[in-house]
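Here's the structure, in structure tokens; my notes come after.
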């Protein structure tokens, strides 16, 4: 029990920042444009600055066991298939609805919540492993759901669609900053002071800005529509996914740090990208929006519990 309260005490300030953003937005005194601008700044400037600076010193960072990708994304694939079966058997959804439903059970908020919680609870040594998952996360999971939807609609998948997805991922500011920082670090040239200091200053604001912006964004969603579906999505996301990923990590014999990282990331709340997919495919917008709020709220308890259980 003391271990749970320890992890809860580490994570709770982060979720309080999310709650602060939510309260500010719901107060009606802050226009939606403020939250959107803050989120865009955190996502496109502050977070990339922090990640580039961290990865530019990659030669001094601990080595990462690349098998963590098999554990994390293998778990995502298993849970995605289970999610589709549940969506069909329990709610009678069509192929498109099944795909969006299943994506809600595997797509975590790895950037805004994952980086913050991993850095706080597991320490800076965990960030290279987190970054590795982030680089591949959108490419693999967006491709997975796109293949699933296109196959449900047309019985085929085009390489053109995959190329568009890959191009979007590689030009994403988070992924681009990780890759650019890693390349700089491999060159072995230290960052000049006049570049390093501004990056450090921007990076300090990355976590609080992103969490407040996340809370302000959540204020736009409600939890009334499709409550039954959103509750099942939340249960799969916060319960089944971390369990399956942890079991795979143990089966692969991952080192303790990598095991904690992938299990932590699997236990996080749903990412807002799922709602974007729901809008794009015009399926389950209400239940996905509700699950977005519910998983963020519930993960303030379940994620510390998962961290406790994995040591």
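Every condition in (1) touching a residue at least 40 places away in the same chain (Cβ under 8 Å); (2) within 18 Å of the chain's Cα centre (by Cα) holds for residue 276 except the one numbered (1).
Criterion applied to 307, 284, 265, 292 was being surrounded by 23 or more Cβ atoms within 10 Å (Cβ to Cβ) and on the phi > 0 side of the Ramachandran plot, and the one residue passing it is 284. Residues in region 14-24 that are touching a residue at least 60 places away in the same chain (Cβ under 8 Å) and under 22 Å from the mean Cα position of the chain (by Cα): 14, 15, 17, 18, 19, 20, 21, 22.
Regarding residue 300, is this residue in contact (Cβ under 8 Å) with a residue 40 or more places away in the chain and either within 21 Å of residue 76 (Cβ to Cβ) or surrounded by 24 or more Cβ atoms within 10 Å (Cβ to Cβ) (or both)? Against the criterion (in contact (Cβ under 8 Å) with a residue 40 or more places away in the chain and either within 21 Å of residue 76 (Cβ to Cβ) or surrounded by 24 or more Cβ atoms within 10 Å (Cβ to Cβ) (or both)), residue 300 does not qualify. Restricting attention to region 93-136, the residues being in a helix (DSSP H, G or I) and in contact with a strand residue (DSSP E or B) (Cβ under 8 Å, 6 or more places away or on another chain) number 2. Filtered by the rule that a residue be surrounded by fewer than 24 Cβ atoms within 10 Å (Cβ to Cβ) and assigned to a loop (DSSP other than H, G, I, E, B), region 268-281 gives a lone residue, 272. Annotation: of all residues in region 26-69 being within 30 Å of residue 239 (Cα to Cα) and surrounded by fewer than 16 Cβ atoms within 10 Å (Cβ to Cβ), the one that is modelled with the highest pLDDT is 26. For beta carbons closer than 7 Å, sequence separation of 6+ or different chains, a first residue in region 220-238 that is touching a residue at least 12 places away in the same chain (Cβ under 8 Å) and on the phi > 0 side of the Ramachandran plot and a second that is part of a helix (DSSP H, G or I) and crowded, with 17+ Cβ neighbours inside 10 Å, the qualifying pairs are 226/286; 226/287; 226/290. Close Cβ contacts (under 6 Å, 6 or more residues apart or on different chains) running from residues in region 171-191 that are at pLDDT 80 or above to residues that are exposed (fewer than 15 other Cβ atoms within 10 Å of the Cβ) and assigned to a helix (DSSP H, G or I) comprise 173/44; 185/59.
The values are calculated or read from the model by the stated rules, or taken from the named source; none is laboratory data. Note that the structure is predicted; figures quoted are calculated from it, not measured. FYI the Cβ positions are ideal-geometry reconstructions off the backbone, even for glycines, and counts take in every protein chain you see.
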